[in-house]
Amino acid sequence: MASTTTSRPPDSREAAQRHPSGDNRFKLLDRTITKHHNSGDALIEVLHAAQGIFGYLENDLLIYIARALRLPLSRVYGVATFYHFFSLKPSGKHTFVLCMGTACYVKGAAVIHKEVEHHCQCKFGETTADGNVSLVQARCVGSCGLAPVAVVDGQVAGKLTAASSLDRIKQWQDEEVTR
Ligand code: FES
């Protein structure tokens, strides 16, 4: 059956600014990779940047980095798993990655940070005691126009407030209780 979508076609300027992956965070990562001339010697720096931008190093990200640096995936995995400061996935069922880059910080990310930590009773970089929510802090995730921004289970959510952030987290907690 043909799909019936009512969403308007993407604005061409908007589309041109978007990374081909549809995730602008890759643009920031590309900048770091280019700065290091796509050199495999910069693997650790690139992994650091990727973790700062995305919060953790998921599979697709490691594959992307391996291709960009022209390194065998096994080498990228080897390095990412060897160092304890790299995290391959958030341990919680849900992930709330809060951007603490300059634009988001200026627009109130620090208040969200404080309120979310208080509500979840855990710090960013940790997972709630029930294993439901991982709080991750990232640097600029490439959507500054929407600041303050969080990546909520992989989806960018912009113009957040402390209240709207807590609503999302409470929704996850409610779902868990009614299960
Ligand atoms: S500073 Fe948060 S998206 Fe750029």
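Points to keep in mind about this one:
- Taking every C-alpha pair closer than 8 Å and separated by at least 6 residues, the mean separation divided by the residue count of the chain gives a relative contact order of 20 percent.
- Considering only the chain, percent of DSSP beta bridges that pair antiparallel, nearest 5: 55 percent
- Here the contact order of the stretch 21-82, divided by its residue count and restricted to Cα pairs under 8 Å and six or more residues apart, works out to 32 percent.
- Cα gyration tensor shape of the chain, rounded if a/c is under 1.5, else prolate or oblate by comparing a/b with b/c: oblate
- Three-way shape call for the stretch 85-125 based on the alpha-carbon gyration tensor, with the a/c threshold at 1.5: oblate
- Cα gyration tensor shape of the stretch 132-179, rounded if a/c is under 1.5, else prolate or oblate by comparing a/b with b/c: prolate
- CD proxy at 222 nm, helix term only [per DSSP H run n ≥ 4: -39500 (n - 2.57); per residue of the chain; nearest 500]: -13000 deg cm²/dmol
- Put simply, when 41-52, 123-134, 78-89 are sorted by average Cβ atoms within 10 angstrom per residue, most first, you get 41-52, 123-134, 78-89.
- Extension gain from Asn24 to Glu176, taking 0.36 nm per residue of separation minus the Cα-Cα distance: 51.6 nm
- Candidate lysines for bridging to Lys123, where Cα separation is under 30 Å - those fewer than 8 sequence places away on the same chain excluded: Lys27, Lys89, Lys93, Lys107, Lys114, Lys159, Lys170
- Extension gain for Thr34-Tyr105 works out to 22.9 nm (0.36 nm per residue, less the C-alpha to C-alpha distance).
Throughout, read-outs are computed from the coordinates displayed, never taken from laboratory work. Model, not experiment: these values are computed from the prediction. When we count neighbours, we look across all protein chains shown, and the Cβ atoms used for this are built from the backbone with ideal geometry, even at glycine.
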